């Protein structure tokens, strides 16, 4: 997805958001939790009906706003695992979330590590 690396931090907003909000109003929400959009973190917002989602990200040259509307089903309620206004996701969780997976937000997706000593 547009060059997102594993080093980026992804934050999901802790409650449903009005999907009519634009770059600037979503950026203002980011500031209310003490984050700076220019840091390059990724912010996920989900609508009340959980059929629409927006991803806001500063790529170094400007703001990027990605929008997705599901034709069938609903996005996961990521706010179920939120603390202090946001839930932190991995970039892998964000990708799975945007595919419409309902598991995201219920349990963290953790990459399995390989230990050469104990296979």
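The values are calculated or read from the model by the stated rules, or taken from the named source; none is laboratory data. It should be emphasised that the depicted structure is a prediction, and the values quoted were computed from it without experimental measurement. Cβ atoms come from the backbone with ideal geometry, glycine included; neighbour counts cover every protein chain shown.
Looking at the range 34-49, which of its residues are under 11 Å from residue 86 (Cβ atoms) and free of Cβ contacts under 8 Å to residues at least 24 places away in the same chain? Correct list: 34 only.
The residue that is modelled with the lowest pLDDT, among those in the range 78-90 that are crowded, with 16+ Cβ neighbours inside 10 Å and over 18 Å from residue 29 (Cβ atoms), is 81. Taken as a whole, the condition of being touching a strand residue (DSSP E or B) at 6+ places or on another chain (Cβ under 8 Å), modelled with pLDDT under 70 and surrounded by 11 or more Cβ atoms within 10 Å (Cβ to Cβ) applies to residue 104. For residue 114, the conditions (1) at pLDDT below 85; (2) touching a helix residue (DSSP H, G or I) at 6+ places or on another chain (Cβ under 8 Å); (3) at negative phi are fulfilled apart from (2). Report whether or not residue 66 is part of a strand (DSSP E or B), modelled with pLDDT of 90 or more and either surrounded by 11 or more Cβ atoms within 10 Å (Cβ to Cβ) or over 14 Å from the mean Cα position of the chain (by Cα) (or both). Taking the combined requirement at face value, the residue satisfies it. Looking across the range 3-28, the residues that are closer than 16 Å to residue 64 by Cβ and without any contact (Cβ under 8 Å) to a residue 24 or more places away in the chain come down to 24, 25.
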